[in-house]
1. Could you list, in sequence order, all residues of region 20-49 that are surrounded by fewer than 18 Cβ atoms within 10 Å (Cβ to Cβ), more than 23 Å from Gly102 (Cα to Cα) and not aliphatic (A, V, I, L, M)?
2. Here is a check on your reading of the model: is Trp53 without any contact (Cβ under 8 Å) to a residue 60 or more places away in the chain and among the aromatic types (Phe, Trp, Tyr)?
Amino acid sequence: MTETPLPFVMTTDPDWDRTAADTAEVSLLPEGRNPEQADITGPCPRCGHATAWTALLLPDPGSLADGHGLLHAILKEAEGPVKTRDVDVTCDCLEYHPGVIGHGGCGASWTVEVSWASAPTA
Ligand SMILES: [Zn+2]
Ligand SMILES: [Zn+2]
């Protein structure tokens, strides 16, 4: 059986966000209330190959737009027990996709929402 590899295309699709929400495994490091990094593993929703992605959980990009961004983010952190971040993941599979640019993958990118409890419940 011959399988034609998908061509490398830098593209995105809202369906992949939904697929990845079911299939992605998220590990937050360090574990606890102030994770700094999310390790996301699982099949790429486009090509189906195993892929892994590490994202730093920086303060919301929007809140960095002004000079008070960091303080703003810290204040926001105090507000609610559950924090969420949308992490943009790009396929980084090890399989060959024709036309690949750079290190690999099929070019697909999607968004995984990660969440964690940030504040002690009083
Ligand atoms: Zn692939
Ligand atoms: Zn892929």
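The values are calculated or read from the model by the stated rules, or taken from the named source; none is laboratory data. Fair warning: this is a prediction, and the values are worked out from it, not measured in the lab. Glycine gets a Cβ as well: all are built from the backbone with ideal geometry, and neighbour counts include every protein chain shown.
1. Asp22, Thr23, Glu25, Ser27, Pro30, Glu31, Gly32, Arg33, Asn34, Glu36, Gln37, listed by residue number.
2. In short, yes.
So that you can scan it fast, the table gives a plain yes or no per residue for (1) within 14 Å of ligand 2 (Cβ to nearest atom); (2) among the charged types (D, E, K, R); (3) modelled with pLDDT under 90; (4) touching a Cys at 6+ places or on another chain (Cβ under 9 Å):
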position: Pro7; (1), (2), (3), (4): yes, no, no, yes
position: Glu25; (1), (2), (3), (4): no, yes, no, no
position: Leu28; (1), (2), (3), (4): no, no, no, no
position: Gln37; (1), (2), (3), (4): no, no, no, no
position: Ile40; (1), (2), (3), (4): yes, no, no, no
position: Thr51; (1), (2), (3), (4): yes, no, no, yes
position: Leu56; (1), (2), (3), (4): no, no, no, no
position: Ala73; (1), (2), (3), (4): no, no, yes, no
